[in-house]
Amino acid sequence: QVQLVESGGGLVQAGGSLRLSCAASGSTFSISNIGWYRQALGKQRELVAAISRGGSSNYASSVKGRFTISRDNAKNTVYLQMNSLKPEDTAVYYCNYGGYYSGRGYAPSGSWGQGTQVTVSS
């Protein structure tokens, strides 16, 4: 039903910036919660940031103050602005569409994009 396409990844030096995009089609985007996740080689997938249908956002402690999540409902797109990048940010980044919030925080749905690679060199 929903197709997600991530873009904007690449190779960047430590201290640099990237902006990731996740475009959704076939959706009721404006009323959907969205999450950004990442998975480094040999590690489990972790939540980076999430934004609710009402525009409220939250972040992992490791990226708070450096990353910003936003959405453009007219374009059915969510963004992740990443500043002051560190080698530890190297991972494949995925967007997740239509999750929900509980007492444990954002819980992902089964709707994932294909991922985009971010590599930060020292």
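Read-outs throughout are calculated quantities, based only on the coordinates presented, and are distinct from any laboratory measurement. Note that this is a predicted model, so its numbers are computed, not measured. Methodologically, a virtual Cβ is constructed for each residue, glycine included, from the backbone with ideal geometry; neighbour enumeration extends over all protein chains shown.
Observations on the model:
- For a modelled paramagnetic label at ALA40, 7 Å from Cα along Cα-to-Cβ, the residues of segment 76-92 in reach, with backbone nitrogen under 11 Å, are 86-92.
- Rg/Rh ratio calculated on Cα atoms of the chain (Kirkwood radius): 0.94
- Amide H contacts for PHE67 (H built 1.01 Å from N in the peptide plane; partners 5 or more residues away or on another chain; cut-off under 5 Å): ASN83.
- Options LEU80, ALA50, SER25, ranked by Cα towards positive dipole end of the chain, top entry (Cβ charges): ALA50
- Only the Cβ atoms of Lys and Arg (+1) and of Asp and Glu (-1) were treated as charged; on that basis the dipole of the chain about its Cα centre amounts to roughly 180 debye.
- Distance between segment 108-122 and segment 9-74 - C-alpha centres, whole angstrom: 9 Å
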